[in-house]
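This report concerns only the one structure given below.
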């Protein structure tokens, strides 16, 4: 389902490796190489046997094809694009990393500054979110 989502539902047809590639390609160009070589898996659904190897292999195919296409468009004498390292990291706390990250965030003082009480929400309504540091600049 991750790599061929259309077999489950025709509404979701973008494979995971394509979604990851699009996200990285939408990042600033000077950060892309670092992002490709540090893709960290988290959550129980990433625990399937060899999931990280399959994702790395499929993502590497996309990246290598883009580099090859870029190099074929170059005029002779132009410097060629260097290969891009793709590394998908599987780690010991992968299954619980999402929970762990949330617990670390919730233990910071900054998190509580971004929170609002039920009483504040009832007094100001949804507009209270506009004063939330997380959403600043969106409105």
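For segment 69-110, name all the residues that are in a helix (DSSP H, G or I), surrounded by 11 or more Cβ atoms within 10 Å (Cβ to Cβ) and under 22 Å from the mean Cα position of the chain (by Cα). Reasoning before the result, please.
Keep residues of segment 69-110 that are in a helix (DSSP H, G or I), which gives 69-72, 94-106, 109-110.
Right, trim to surrounded by 11 or more Cβ atoms within 10 Å (Cβ to Cβ) and you get 70-71, 94-102, 105.
Within segment 69-110, 94, 95, 96, 97, 98, 99, 100, 101, 102, 105 qualify.
Looking only at segment 49-58, decide whether some residue is part of a loop (DSSP other than H, G, I, E, B) and surrounded by 15 or more Cβ atoms within 10 Å (Cβ to Cβ). Can you show your working first?
Here is the first cut: in segment 49-58, the residues part of a loop (DSSP other than H, G, I, E, B) are 49-50.
If we keep only those that are surrounded by 15 or more Cβ atoms within 10 Å (Cβ to Cβ) too, we end up with none.
Checking segment 49-58: not a single residue is part of a loop (DSSP other than H, G, I, E, B) and surrounded by 15 or more Cβ atoms within 10 Å (Cβ to Cβ).
Answer with yes or no whether residue 37 is modelled with pLDDT of 95 or more, under 23 Å from residue 101 (Cβ atoms) and surrounded by 12 or more Cβ atoms within 10 Å (Cβ to Cβ). Please lay out each step first, then the result.
Numbers: modelled with pLDDT of 95 or more: yes; under 23 Å from residue 101 (Cβ atoms): yes; surrounded by 12 or more Cβ atoms within 10 Å (Cβ to Cβ): yes.
Judged against the criteria, residue 37 is a match.
Just to be sure I understand the filter: pairs with C-beta atoms under 9 Å, separated by 6 or more residues or on different chains, first member in segment 25-36 and assigned to a loop (DSSP other than H, G, I, E, B), second member at pLDDT 95 or above and surrounded by 14 or more Cβ atoms within 10 Å (Cβ to Cβ). Which pairs pass?
27/35
Quick test of your reading of the structure: residue 80 fulfils all but one of (1) more than 29 Å from residue 25 (Cβ to Cβ); (2) modelled with pLDDT under 90. Name the failing condition by number.
It is condition (1) that residue 80 fails.
The values are calculated or read from the model by the stated rules, or taken from the named source; none is laboratory data. Predicted model only: the values in this text are computed from it and were never measured. Quick reminder, even Gly has a Cβ in these numbers, built from the backbone with ideal geometry, and neighbours come from all protein chains shown.
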